[in-house]
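Each reported figure results from applying straightforward, stated rules to the coordinates on display, with no laboratory input. Keep in mind that this is a model prediction, so the values were computed, not measured. Reconstructed Cβ throughout: ideal geometry from the backbone, glycine too, with neighbour counts over all protein chains shown.
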Amino acid sequence: MTQPKHYHMSPEEFRHWGYKTINWIADYLENVENLPVLSQVKPGEIRAKLPAIPPQKGESFDAILQDLNQIIVPGLTHWQSPNFFAFFPGNNSAPSILGELISAGMGVQGMLWATSPACTELETHVLDWLVDMLGLPNQFKSSGTGGGVIQDSASSAALVALIAAREVAKADTSQLVAYTSTQGHSSIEKGVKIAGLRRENLRLVEVDNNYAMRPDLLQKCIEADLKAGLTPCYLAATVGTTSSNAIDPIPELGAIAQKHNIWFHVDGAMSGTAALCPEFRWIHQGLELADSYCFNPHKWMMVNFDCNCFYVKDRTKLIKALSIMPEFLKNQATASGEVIDYRDWQIPLGRRFRSLKLWFVIRHYGVEGLKHYVRKHVALAQEFAQWVSADSRFELVANPPLNLVCFRHQGGDEVNQLILDNLNASGKIYLSSTKLDHKLTLRMSIGQATTEKINVEQAWQLISSGG
Ligand SMILES: *Cc1c(COP(=O)(O)O)cnc(C)c1O
């Protein structure tokens, strides 16, 4: 008997190349500190190294791995470098990588409870754990009327919250108004576009000296909209804005939202993780007023992208807004009403087993281990801020509440741009910028998993000597 022809890797080959692949990842992470943090390639340079046509005959896995080093790595910006201080962190960690790998190995698709009960139940369970870990209001637990779900990103979380808000509101979509601050994330505007609200019905409320939303001005906006016959339906506040890490006043904003029957979404994408530590839980004060909340373990909690934890106070509102039941998805478990089908909590139908990596991370580090890194990063950022304020050539633009320091050279935009360009061209560190009060502002974001004090000291040396 001849074997049927196939092209698969044999189990033995898979083991062999699997070990080699893990070694490749371990080598990469071990050496990443020595690579230029911001990729120095020019547009088109990577594509020019790739063959114009795909291979007709399969190639050896060895050749594929070799091309990683020669073609791909030079075109990477190294988010896992301890000298990565740009944007917000996008951490990974060994347990998270292994959880991701196993998720790929299982290859399950968890659109329904029935299509892999463990995929749904582990997710529900770990998201309930996180409510306790972060000290979030109990209303977000699945044991009551609420519950949590993993979305791919904070952008999707803001969008599904807006869609739920749109469905709950008793007015035509063209009459609906959404609110965030001038510092709210761009994903709110994108959500408004996608959800079909009118672009001119997004209000960007002005902020105070700390770049936090002003409740008095929100109230005024709402009153003006009501007077004009419009229907306020969605307020997105931020715990840790992307530009400057400002914390919006959740208690005051929540009270206004409640009074006017507005869906209140709180976006804690990066900073939410800080609430692992009781001393930082003040950032979530008033969160019981929120209809929905999200934070990104894929930023600052050692879970590799993508993993956004999204919570709602009343899951029926979300499910009503997103539920579909075509004939081909009907099954007994769903009909029994005893299970969660997460396809009704998100935009796509299909979903990956993302809770596995989250579970691995929480089990490996323990709550204690995760807290350790939050405290370390916040302490490093506070120390960095002291160095900035002690140097008369520089100024702090805002008091850093946590692990993001916004600062600038007193010499004006051109000087700051030059410092930034020099730093990033050096490959030694990677920093990004924003505009605050129309002035170019440097952002030192400290949250990469392996960043040590020595990295922050070196960064300040480079910055303070002009890059
Ligand atoms: C990073 C960030 C987002 C977007 O995160 P994604 O998960 O990439 O969509 C949204 N809001 C805030 C405040 C952020 O910092």
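What list do you get for Phe353, Phe407 if you sort them by fewest beta carbons within 10 Å?
Exposure proxy ranking, most exposed first: Phe407, Phe353.
Would you mind ranking Arg352, Arg15 so that the residue whose beta carbon has the fewest other beta carbons within 10 Å leads the list?
Lowest count first: Arg15, Arg352.
Could you let me know the centre-to-centre spacing of the stretch 203-222 and the stretch 86-162, using Cα atoms, in angstrom?
32
Out of residues 5 or more away from Ser181 or on other chains, whose amide H comes under 5 Å of its own, with H placed 1.01 Å from N in the peptide plane?
Long-range HN contacts for Ser181: Val205.
Could you point to the residue in Ala154, Ala171, Val312 farthest towards the positive end of the stretch 109-352's charge dipole, with +1 and -1 charges on the Cβ of Lys/Arg and Asp/Glu respectively?
Ala171
Taking only DSSP H segments of four or more residues, each worth -39500 (n - 2.57), what value at 222 nm results for the chain once the sum is divided by all its residues, to the nearest 500 deg cm²/dmol?
Using -39500 (n - 2.57) per qualifying helix, the result is -12500 deg cm²/dmol.
For Cα pairs less than 8 Å apart in space and 6+ apart in sequence, what is the mean separation divided by the residue count of the chain, i.e. the relative contact order in percent?
That works out to 22 percent.
Explain nothing, just the number: dipole magnitude of the chain about its Cα centre with +1 on each Lys and Arg Cβ and -1 on each Asp and Glu Cβ, in debye rounded to the nearest 20.
Rounded to the nearest 20 debye, it is 640 debye.
Any aspartates and glutamates with Cα under 16 Å of the Lys371 Cα? List them, leaving off those in the same chain fewer than 8 positions away.
Within reach: Asp132, Glu279, Glu452.
Measuring from centroid to centroid over Cα atoms, what is the spacing of the stretch 409-467 and the stretch 1-22 in Å?
Cα centroid to Cα centroid, the span is 47 Å.
Sticking with the crude label model, points 7 Å out along Cα→Cβ, report the distance from Glu383 to Asn69 in nm, one decimal please.
3.5
Once you've got the Cα coordinates, tell me which of Lys20/Lys357; Lys220/Lys299; Lys42/Lys453; Lys141/Lys220; Lys299/Lys376 are over 25 Å apart.
Table pairs above 25 Å Cα-Cα are Lys220/Lys299; Lys42/Lys453; Lys141/Lys220.
With label points built 7 Å along Cα→Cβ from the Cα atoms of Asp132 and Leu329, find their separation and express it in nm.
3.2
So what are the ³J(HN,Hα) numbers for the stretch 249-259, from phi and the Karplus equation (6.51, -1.76, 1.60; θ = phi - 60°), rounded to whole Hz, Gly and Pro as x?
Calculated HN-Hα couplings, in order: x, 4, x, 5, 5, x, 5, 5, 4, 4, 4 Hz.
Take the residue pairs Lys190/Lys428; Lys190/Lys439; Lys57/Lys330; Lys259/Lys320; Lys193/Lys317 and return only those whose Cα atoms are more than 31 Å apart.
Lys190/Lys428; Lys57/Lys330
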